Amino acid sequence: MKIKTITICGGGNAAHAMIPIIRNHFSGKLNLFLPFGDEANHFQKLIDEKGFLTATIGGSKLYGRPDRVSKFAKEICKEADLILMPLPAFAHEQTLLQIGSSLKEEAIIGAIPARSGFEYAALKILKDNHKEKVKIFGMQTLPWACRIKEYAASVNILGKKKWVGMAAFPHKITFELTSFLSRVLDLKIESLPNMLTLTLANVGQIIHPGIMYGLFKGKEQATYQKETIPLFYQGVTKEIAKTLKAMSDEILVLTEKIKALDKNVNLDHVLALKDWLIYSYESSIADKSSLQSCFVTNSAYQGLCAPMKKINNDYFLPDFQARYLTEDVPFGLIVIKSIAQLVAVETPVIDEIILTISQWMGKEYIRGGFLEGKDIKDTRIPQNYGIKHLEEIIIY
Ligand code: NAI
């Protein structure tokens, strides 16, 4: 695998974290594709003033800058051997459409994190651009918790996961790619057997909508002062933990059904939520006895509050347009629901959460029990990409 040029897409928190990390572990060219608004000019101007971007991780600092920044795919993607998309899932498709025709024949392109159903959109767009040789991959989660401190200047990496799962298509490139990415991202990456595992083991789709539902169902109009905003992860009550477990159990039942329908498919990495938390955050969880305690005593989650929007100087309302919902419902739970319908598995708890949260978001995904609401076209269900059978999903 010869990777001489890497292009990162987007200029958010994750892209900021990646630039200095990769720069310190990769000697080839590192470029930045910023098609969104005026980001490219803005980033270029600021990085030229500062000279480099600083990432603070633990007590140490890493420095780096991209070699080139551009808003034009033709300029920045045509020489890339590897394209990384550390983007919110709702930006994947737009980005793929922008770069599709400019990709090298043998390029590799991946979403970090993939969220659910990434492969359906990516492979359809690549096929439409006659780029069938382009390979794709996705990671199960973003490896870091990170926040931009100053745009194009500094980023805080608040935590790093012990390991991250990664799947690729075609599968044969997985091990070599895992080894390359482990080195340039300075990370432990576990190879996953297929892209379907990424969809079923996408824990964000359980945690984010599940906790939002638990915290705000029946309290949609409640107002909060700054000091009374509920903690998000550490605000998980016994009742919320019960809902999260029920969602996780429904996905495990779906997983077992798929395994029963196809004895060759390997879905061993789809874990129960509690097992995933313990596996990923082992050393930061003080009390591993229950699902609730895994959230409440997890130091990686310390102090993180529920997403709120300010209504005036003193008061806040829950933010139902937050990424925890706009990303994890249409690019998460809805995809699970669509696969469950394909194989006739019922998901009553997930359905109730989708229905409630869709109303909060002003969206309609489910109508009359089916995924036929007016906004279903904006989700990543396989049917939107012409995929109607389980066999087509398992192929990836
Ligand atoms: P972000 O919100 O900082 O990313 C914003 C960037 O995405 C923008 O600067 C722009 O470059 C691009 N973008 C946004 N909307 C776009 C659109 N419609 N079209 C094209 N580009 C667009 O996101 P962040 O924090 O970097 O997260 C990236 C991914 O990682 C998300 O899936 C997020 O859920 C996940 N994640 C992030 C964590 C964090 O600590 N930042 C932790 C865990 C997961």
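When you scan region 22-54, how many residues do you find that are within 13 Å of residue 154 (Cα to Cα) and touching a helix residue (DSSP H, G or I) at 6+ places or on another chain (Cβ under 6 Å)?
1
Sort out which residues of region 133-143 are open to solvent by less than 10 Å² (accessible area, probe 1.4 Å) and either assigned to a strand (DSSP E or B) or more than 16 Å from the ligand (Cβ to nearest atom) (or both), and write them in order of number.
Selection gives 134, 136, 137, 138, 139.
Restrict the check to region 159-168 and report whether at least one residue is at pLDDT 95 or above and more than 15 Å from the ligand (Cβ to nearest atom).
Within region 159-168, one or more residues are at pLDDT 95 or above and more than 15 Å from the ligand (Cβ to nearest atom).
Does region 175-184 contain at least one residue that is outside any helix (DSSP H, G or I), within 16 Å of the ligand (Cβ to nearest atom) and open to solvent by less than 20 Å² (accessible area, probe 1.4 Å)?
Taking every residue of region 175-184 in turn, none turns out to be outside any helix (DSSP H, G or I), within 16 Å of the ligand (Cβ to nearest atom) and open to solvent by less than 20 Å² (accessible area, probe 1.4 Å).
Please go through region 38-55 and give me each residue that is within 14 Å of the ligand (Cβ to nearest atom) and not aliphatic (A, V, I, L, M), ordered by number.
Once the filter is applied, which keeps residues that are within 14 Å of the ligand (Cβ to nearest atom) and not aliphatic (A, V, I, L, M), region 38-55 yields 38, 39, 41, 42, 43, 44.
Out of the helices (runs of 4 or more DSSP H) lying entirely within region 272-341, which hold 3 or more residues that are open to solvent by less than 70 Å² (accessible area, probe 1.4 Å) and within 15 Å of the ligand (Cβ to nearest atom)?
Passing ranges, in order: 273-281, 323-326.
Filter region 352-373 for residues that are open to solvent by less than 20 Å² (accessible area, probe 1.4 Å) and outside any loop (DSSP other than H, G, I, E, B); which is nearest to residue 308 (Cα to Cα)?
For region 352-373, the residue satisfying everything is 361.
Of all residues in region 221-246, count the ones that are open to solvent by less than 60 Å² (accessible area, probe 1.4 Å) and out of contact with any Phe, Trp or Tyr (no Cβ under 9 Å at 6 or more places or on another chain).
Going through region 221-246 one residue at a time, the tally reaches 1.
Within region 90-132, restricting attention to residues that are among the β-branched types (Val, Ile, Thr) and within 13 Å of the ligand (Cβ to nearest atom), which residue is surrounded by the most Cβ atoms within 10 Å (Cβ to Cβ)?
Checking each candidate, the answer is 99.
What is the number of the single condition among (1) free of Cβ contacts under 8 Å to residues at least 24 places away in the same chain; (2) within 15 Å of the ligand (Cβ to nearest atom) that residue 87 does not meet?
(1)
Examine region 58-65 for a residue that is modelled with pLDDT of 95 or more, among the polar types (S, T, N, Q) and assigned by TED's automatic domain parsing to the domain that holds residue 150, and state whether such a residue exists.
Within region 58-65, none of the residues are modelled with pLDDT of 95 or more, among the polar types (S, T, N, Q) and assigned by TED's automatic domain parsing to the domain that holds residue 150.
Give region 27-61 a look and list any residue that's under 14 Å from residue 84 (Cβ atoms) and surrounded by fewer than 19 Cβ atoms within 10 Å (Cβ to Cβ), or say none.
28, 29
Contact list please: Cβ distance under 6 Å, first residue in region 298-312 and on the phi < 0 side of the Ramachandran plot, second residue modelled with pLDDT under 90, pairs at least six apart or on different chains.
Here the result reads 298/281; 298/284; 299/284; 300/159; 300/281; 300/284, each pair linking region 298-312 to a residue that is modelled with pLDDT under 90.
On the given criteria, is residue 67 touching a residue at least 24 places away in the same chain (Cβ under 8 Å) and more than 14 Å from the ligand (Cβ to nearest atom)?
So residue 67 passes the test.
The values are calculated or read from the model by the stated rules, or taken from the named source; none is laboratory data. Predicted model only: the values in this text are computed from it and were never measured. Here Cβ is always computed from backbone atoms with ideal geometry, including for glycine, and neighbour counts include all displayed protein chains. Only protein heavy atoms, including side chains, enter the accessible area calculation; ligands, DNA and RNA are left aside. Shrake-Rupley method; radii C 1.70, N 1.55, O 1.52, S 1.80 Å.
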